[in-house]
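One structure is given here, and the rest of the page talks about it.
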Amino acid sequence: MDIDLNADLGEGFGPWRMGEDEALLDIVSSANVACGFHAGDPVIMDRTVRMARARGVDVGAHVGFPDLLGFGRRPMQIEPKELVAYVLYQLSALDGMARTAGHRMTHMSFHGALGNMAAADAALAEPLVRAVADFDPMLIVSSSASRAIEDAAARCGLRVRTTFLADRACDDDGLVVPRKLPGSVIHDQGAVLARVRQLLDEGTVTSFSGKKIPMRAHSILLHGDTPGAVDLARAVRGVVEQAGRVVPISKQSA
């Protein structure tokens, strides 16, 4: 079994750092790099891409709302045409950084509130995913389980690779539940590792309501901005290596 381990990185701003990017880059196989809208800036993007290249780690654009103060986690009402321009802007920024550093962008993902809204709304997912296809039809969309995004990608001829958020609860449809709900973010390492083992052993996850639902995941997301993220990442990697290999989604055969 081949599983990608990825993390959201480059999420500082100016002199402010968030997470332990260097340590996580020694553990993960791909990185979702903030593109300056919800976090990140040109200097941080450049540094993160170059560190990833030095370690052989894939990079992808982590595309979010223009919401630095809210870290992209606040829903925003923006016309789809305007959002498409935001998506293209962020893809272009990271692609340019990667090319200049001698690296390449292999994938993209939607961050925070933008990702949650697109995952639950086919009418919103369609133009945003279409923008990704128009930018580069070879990009992989890395997404939590979402019929809306998967269907839109199929119509655009894009590959989607499902990402399991090991430390976030999901509903019976596999969609991530809002952070405001108690228990939506799972802090206990033992509970997170148990969820990973269940995914690898059974191909299922237990939803927020307690129901077991099937999930075919190609990647496991590790949030770099949470306390103990590096220790948790090492532990998750150990569980994955007991069941198979850590391989970035760009190099997985299916």
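The values are calculated or read from the model by the stated rules, or taken from the named source; none is laboratory data. None of the values given here were measured: they were computed from a predicted structure. We place every Cβ from the backbone using ideal geometry, glycine too, and count neighbours over all the protein chains shown.
May I ask you to say which residue of Ala31, Ala52 is within 21 Å of Phe135 (Cα to Cα) and either within 18 Å of the chain's Cα centre (by Cα) or free of Cβ contacts under 8 Å to residues at least 12 places away in the same chain (or both)?
Ala31
Checking Ile149 against (1) aliphatic (A, V, I, L, M); (2) touching a Leu at 6+ places or on another chain (Cβ under 7 Å); (3) modelled with pLDDT of 95 or more, which single condition isn't satisfied?
Answer for Ile149: the failing condition is (2).
Looking at Gly190, Gly210, which one is over 19 Å from the mean Cα position of the chain (by Cα), farther than 14 Å from Thr163 by Cβ, assigned to a loop (DSSP other than H, G, I, E, B) and without any contact (Cβ under 8 Å) to a residue 60 or more places away in the chain?
So the residue among Gly190, Gly210 that is over 19 Å from the mean Cα position of the chain (by Cα), farther than 14 Å from Thr163 by Cβ, assigned to a loop (DSSP other than H, G, I, E, B) and without any contact (Cβ under 8 Å) to a residue 60 or more places away in the chain is Gly210.
Tell me which residues, restricted to the stretch 113-152, are under 18 Å from the mean Cα position of the chain (by Cα) and basic (Lys, Arg).
Result: Arg147, single match.
If we keep just the residues of the stretch 99-113 that are out of contact with any strand residue (DSSP E or B) (no Cβ under 7 Å at 6 or more places or on another chain) and on the phi < 0 side of the Ramachandran plot, which is surrounded by the most Cβ atoms within 10 Å (Cβ to Cβ)?
Looking at residues that are out of contact with any strand residue (DSSP E or B) (no Cβ under 7 Å at 6 or more places or on another chain) and on the phi < 0 side of the Ramachandran plot, I get Ala113.
With (1) more than 23 Å from Ser219 (Cα to Cα); (2) in a helix (DSSP H, G or I) as the list, and Gly102 as the residue in question, which single condition is left unmet?
(2)
If I go through the stretch 55-88 residue by residue, how many of them are within 18 Å of the chain's Cα centre (by Cα) and not in a loop (DSSP other than H, G, I, E, B)?
9
If you go through the stretch 136-157 one residue at a time, do you hit one that is without any contact (Cβ under 8 Å) to a residue 12 or more places away in the chain, surrounded by fewer than 19 Cβ atoms within 10 Å (Cβ to Cβ) and among the small types (Gly, Ala, Ser)?
yes
Considering only residues that are closer than 18 Å to Gln252 by Cβ, among the aromatic types (Phe, Trp, Tyr) and not in a strand (DSSP E or B), which ones fall in the stretch 114-170?
Across the stretch 114-170, there are no qualifying residues.
Pairs, please: C-beta under 9 Å, at least 6 apart or cross-chain, first residue more than 12 Å from Gly60 (Cα to Cα) and in the stretch 87-100, second small (Gly, Ala, Ser)?
Val87/Ala61; Val87/Ala131; Leu88/Ala131; Tyr89/Gly36
Does the stretch 23-31 contain at least one residue that is on the phi < 0 side of the Ramachandran plot, modelled with pLDDT of 95 or more, surrounded by 24 or more Cβ atoms within 10 Å (Cβ to Cβ) and assigned to a strand (DSSP E or B)?
Within the stretch 23-31 (the criterion being on the phi < 0 side of the Ramachandran plot, modelled with pLDDT of 95 or more, surrounded by 24 or more Cβ atoms within 10 Å (Cβ to Cβ) and assigned to a strand (DSSP E or B)), the answer is yes, since at least one residue qualifies.
Taking the stretch 230-254 as the region of interest, how many residues are among the aliphatic types (A, V, I, L, M), under 22 Å from Arg161 (Cβ atoms) and part of a helix (DSSP H, G or I)?
Within the stretch 230-254, residues that are among the aliphatic types (A, V, I, L, M), under 22 Å from Arg161 (Cβ atoms) and part of a helix (DSSP H, G or I) number 7.
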